[in-house]
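Here is the structure we will look at.
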Amino acid sequence: MAPRGAERILSGAARPVLALLLAGIIFVTDEKVGFHAAVSVLYPLVLVLGAGRSGRRGIHAWTALCLALPVISFISVHMPRPGAEAALRLTFALAVTGLTGALLNGRLRLREARDARASSEETLRQFAELIPQILFRTDAGGRLTYLNPWFTRLTGRSAGEALARQHWHEALHPEDRDRYLRLHTEAGLSPQRIHVRARDSAGQYRWLLLHRRPRLDPVTGALAGWYGSGIDVDAEVRAAAEIRDLNARLERLAAQREEALRRSEHRFRALFDDLNIAFAEHDLSAAKPLVDAARDAGAGSLAAHDAAHPGYIARCLAGIRLVSANRAMLQMLGYGEETGLLSPAWPAPRGGRGAQMPLIQLEALFDGRCHVSGSTTLPGRDGRALPVAFGLNLIPESCTALSTFIDISEQEAAHAAMLAAQSSLARAGRAATMGALSTSLAHELNQPVQALTTEIDTIRRWLQRDPPEMARALRTLDRLAGNGARIAAIMRRTRAQLVTGEAPAMPLDLRALLRETSALLEGDLSHRSARLQVECTLDDPQVIADRIGLQQVFVNVLLNAAEAIAARPGGGHGLIRVLVREAPDDMACIRIRDDGPGIAPQHLEKLFEPFFTTRAQGMGMGLHICRGIIERFGGTISAGNHVGGGAEIRFTLPRPRARACAEHAA
Ligand code: ADP
């Protein structure tokens with residue numbers, strides 16, 4: 001507002017100047033002119049003019065000035081003989097000036113109070129407008145007398161219209177409206193709090209939390225009205241509802257899960273109790289810190305740690321607790337239905353073998369192994385060691401050891417019986433072997449003994465000639481000596497087989513052995529018009545076998561071939577080819593082919609069976625013995641006919657490198 005008339009003139013810096021001027025005029029008039037009148041009563045004008053718009057300090061200063069000036073005039077004019085009238089005038093003037101100063105002070109305080117109130121009202125207004133919730137006020141009858149702008153912002157309705165028409169509760173959800181109105185009538189004078197849904201500016205219902213507190217008349221204590229607020233708690237209410245739904249779903253799921261668990265527990269318990277397999281559950285949690293400590297200390301094993309810290313394992317064992325054992329377990333250990341087993345956890349069995357179960361559990365824990373199986377003994381009630389096969393499952397998180405046991409006493413007894421039976425079988429077998437060996441011996445010795453007889457006759461003939469044919473006789477004598485040595489070797493080997501059951505195997509040079517064998521069989525082969533031809537493609541034709549055994553194989557197969565050649569209907573010379581080749585897996589393959597009539601297909605399968613022969617003089621043991629020898633050294637033997645028509649006996653034998661590797665691998 002613009003300052004008006006005289007106020008405008010007297011505004012600003014002009015007022016103090018004018019006041020000072022006026023004060024000067026009054027002072028001079030009072031001093032010099034010497035009216036016998038109360039000129040000094042005009043000082044309040046100076047005071048009003050000077051301090052009218054100033055603050056508290058200005059009023060004080062102007063008051064002090066207006067009080068001082070009449071006193072000075074009075075002293076200078078009337079002293080030292082002041083008259084009573086002058087003193088009265090002074091007193092009057094001072095009283096009027098002081099009163100004016102007091103009035104000005106009072107006016108200032110009033111103005112300050114008004115300003116403070118206006119400022120606080122403004123703050124309150126701003127607060128009410130800016131606070132993000134509805135604020136309202138009603139009179140004692142519940143009529144709305146105030147609504148802050150947030151009402152409009154939230155509901156989209158005009159606050160003024162709501163006040164005029166008193167219909168704001170129409171924005172409430174129909175289900176909540178009655179509840180809200182009932183609260184008005186029923187709740188009395190206590191503070192009220194209610195959740196209601198109100199339509200928002202977008203037409204959607206939102207949850208509001210309404211608070212209402214009574215406003216009482218400070219003097220009479222009667223109800224003067226209500227103050228209240230409405231807070232938008234839609235997000236919270238919906239979140240709470242969702243959480244409630246979720247909780248309900250969770251509870252349902254938990255109930256279902258619990259039921260499923262209960263059923264499975266029931267099934268498990270039934271299985272656990274009724275199974276024939278013994279079952280025990282142990283809690284290792286008290287032992288675990290000790291086991292961990294040993295591992296952390298870098299111990300290589302529990303036993304090593306125990307050696308360094310006597311009594312360590314005993315302490316660990318004391319930390320194992322038997323949680324439960326099923327009926328089969330109790331019965332197996334001889335406790336019947338008693339649960340006495342549950343208290344002494346794993347007493348050591350007398351005369352048990354292998355590590356005891358608690359130690360096995362501790363070691364599994366130490367090594368971090370979750371599954372262990374094997375056999376051990378458990379202590380029976382009578383202290384007897386019960387042999388069992390066990391499976392241990394360790395659950396490291398819960399330090400739980402679940403162990404299953406099967407009583408293997410019967411199997412152990414059966415095993416012992418089997419060992420006894422095997423022993424008597426071995427004795428019977430050895431007797432049978434001796435029988436077979438004597439047959440084989442007769443077969444093997446047959447040829448060299450016959451050769452001996454023939455060669456002795458031959459030598460006699462060479463010596464009886466005139467002159468005696470010494471060179472030929474000596475050559476035959478050499479062959480005779482060779483056959484004699486072979487007979488001795490066969491006897492030695494047979495004896496070795498009888499004593500040890502095995503003949504020594506060693507690397508043998510096939511070429512050398514074949515040379516030797518062909519020299520031995522020279523007479524037999526030439527007698528049957530058979531010629532031997534060896535073809536070896538191996539650089540190092542060595543095989544692992546027993547010398548006499550392999551020679552026996554060659555003698556058998558070569559003589560069979562020579563027999564076959566001799567039996568050819570047309571007669572004539574025949575060829576026996578020995579082919580030595582490399583075979584897979586570091587084996588050597590030896591094929592012995594002849595150009596005899598071959599083997600009848602129906603005989604092929606029976607060839608290696610003992611006593612199978614098609615020859616009048618045959619024993620049917622030769623190929624059977626050959627197979628035994630070849631297989632003993634890890635080879636295979638088979639028979640067939642080659643494309644040329646004759647028979648072909650094939651066998652394989654390991655070469656030294658393969659054997660070395662096999663030994664290394666083993
Ligand atoms: P034996 O020579 O005493 O008959 P073998 O076990 O050595 O016993 O041989 C069994 C049978 O296999 C022989 O009777 C013969 O029928 C057959 N056989 C073996 N080698 C040949 C071959 N090279 N040619 C034809 N038949 C053979």
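Read the figures in this text as sums done on the coordinates, not as results from a lab. These numbers were taken from a predicted model, which means no experiment stands behind them. Cβ coordinates were reconstructed from backbone atoms using ideal geometry, including for glycine residues, and neighbour counts include every protein chain displayed.
Some points to look at:
- A Förster radius of 45 Å, combined with the Cβ-Cβ distance separating Tyr146 from Leu18, puts the computed FRET efficiency at roughly 0.40.
- Sorted peptide list for 280-288, 222-230, criterion being average Cβ within 10 angstrom, highest first: 280-288, 222-230
- Helices of the chain meeting both criteria, an alpha-carbon length of 30 angstrom or more along the long axis and an average Kyte-Doolittle score not below 0.5, with helices taken as full DSSP H segments, are 56-78.
- Proportion of all alpha-carbon pairs of the chain beyond 40 Å (%): 73
- Here the label points at Gln133 and Ser190, each 7 Å from Cα along the C-beta direction, are separated by 2.0 nm in the simple model.
- Karplus-derived 3J(HN,Hα), 6.51/-1.76/1.60, for each residue of the stretch 589-599, Hz, glycine and proline x: 10, 10, 10, 10, 10, 10, 10, x, x, x, 10
- Per-pair calculated FRET efficiency, R0 = 22 Å: Ala304 and Ser398 via Cβ, rounded to 0.05: 0.20
- Charging the Cβ of each Asp and Glu at -1 and of each Lys and Arg at +1, and nothing else, the dipole of the stretch 142-296 about its Cα centre rounds to 860 debye.
- Take every DSSP beta bridge whose two residues both sit in the chain; close to 90 percent of them are antiparallel.
- Amide H partners (placed H, <5 Å) of Arg531, local residues excluded: Gly574, Leu575, Ile576
- Candidates Ser301, Ala128, Leu550 compared by Cα position along the dipole of the chain: farthest toward the positive end lies Ala128, with charges placed on Cβ.
- Working ranking of peptides 232-241, 617-626 by packing, defined as the average number of other Cβ atoms within 10 Å per residue, highest first, is 617-626, 232-241.
- Ordering Leu163, Gly55, Leu104 by the projection of their Cα atoms onto the charge dipole of the chain, which places +1 on the Cβ of Lys and Arg and -1 on the Cβ of Asp and Glu, puts Leu104 at the extreme positive end.
- Each Lys and Arg contributes +1 and each Asp and Glu -1, all at the Cβ; summed about the Cα centre of the chain, the dipole is approximately 2400 debye.
- Environment charge at Leu183 (Cβ cut-off 15 Å; Lys +1, Arg +1, Asp -1, Glu -1): +3
- Computed on the stretch 568-660, with alpha-carbon pairs under 8 angstrom and 6+ residues apart, the relative contact order is 32 percent.
- Residues whose placed amide H lies under 5 Å from that of Ala545, excluding near-sequence neighbours: Met506, Leu508
- Only the Cβ atoms of Lys and Arg (+1) and of Asp and Glu (-1) were treated as charged; on that basis the dipole of the stretch 500-564 about its Cα centre amounts to roughly 200 debye.
- Summary of packing: across the peptides 606-615, 507-516, the per-residue average of other C-beta atoms within 10 Å ranks them, highest first, as 507-516, 606-615.
- Distances between placed amide hydrogens fall under 5 Å for Tyr146 paired with Arg137, all partners being 5 or more residues away or on another chain.
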